[in-house]
Amino acid sequence: MSTSSSTAAERDFKRVFLKIVFILLGVLLICFSIFFVNHQENNKYIIETLELNGSAEEGDALFKMNCVGCHGITARGLVGPDLHSITQRLNDKEIIKQVTGGLTPPMPSFEIDPVNMSNLLKYLHSLE
Ligand code: HEC
């Protein structure tokens, strides 16, 4: 018997340690796949929206229904900020994330299809 052979306690420890490593790897893998799937979906939505050429009038109507309460009837700002020349500060992708993401309470996240999102973008671009 060599002196380096592990004791039963050491073998147990190794087995438990390996188990924990595998569980952690599994959890990481799941996290990554969730993140990846979400990311893909977001990108698909953004790409679809950016491919469309929206209508500013439709966007104006949408804005009047959903946004004026906070951003003001002429988008000059109330609770939310003035949105004139917003398109010079944020790119389209950032605006889409702002509207659909719900990342800055109290502004809610809006579930809006690509066509309407594209209309809203066109309207915001008209507010130079
Ligand atoms: C409940 C109030 C509320 C509603 C409704 C709302 N917003 Fe907002 N919005 C805010 C607030 C507050 C902010 C500032 C958030 C921050 O930066 O912390 C904001 C920020 C923004 C910004 C970013 C402005 C900047 O200077 O960075 C954009 C773009 C925007 N809103 C667009 C919209 C659009 C388009 C709608 C309608 C679909 C909408 N918002 C509806 C409250 C609202």
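Every read-out reported here was derived from the displayed coordinates using simple, explicitly stated rules and does not represent laboratory data. The structure displayed is predicted, hence computed values, not measured ones. Glycine also receives a Cβ, built like all others from the backbone with ideal geometry; neighbour counts cover every protein chain displayed.
The mean sequence separation of alpha-carbon pairs under 8 Å and at least six residues apart, normalised by the residue count of the stretch 73-128, gives a relative contact order of 40 percent.
Annotation note: trypsin sites (Lys or Arg not before Pro) in the stretch 66-128 located in DSSP loop regions with a Cβ neighbour count of at most 12 within 10 Å are Arg76.
For the chain, what's the relative contact order in percent, using C-alpha pairs closer than 8 Å and at least 6 residues apart? The value is 32 percent. Counting pairs on different chains as well as pairs 8 or more places apart, how many Lys pairs in the chain have Cα atoms under 29 Å apart? So the count works out to 9.
What is the local net charge at Leu62, summed over the other residues whose Cβ is closer than 12 Å to its Cβ (Lys, Arg +1; Asp, Glu -1)? Value of the local net charge: -2. Taking other residues whose beta carbon is less than 13 angstrom from the beta carbon of Asp82, and scoring Lys, Arg as +1 and Asp, Glu as -1, yields +1.
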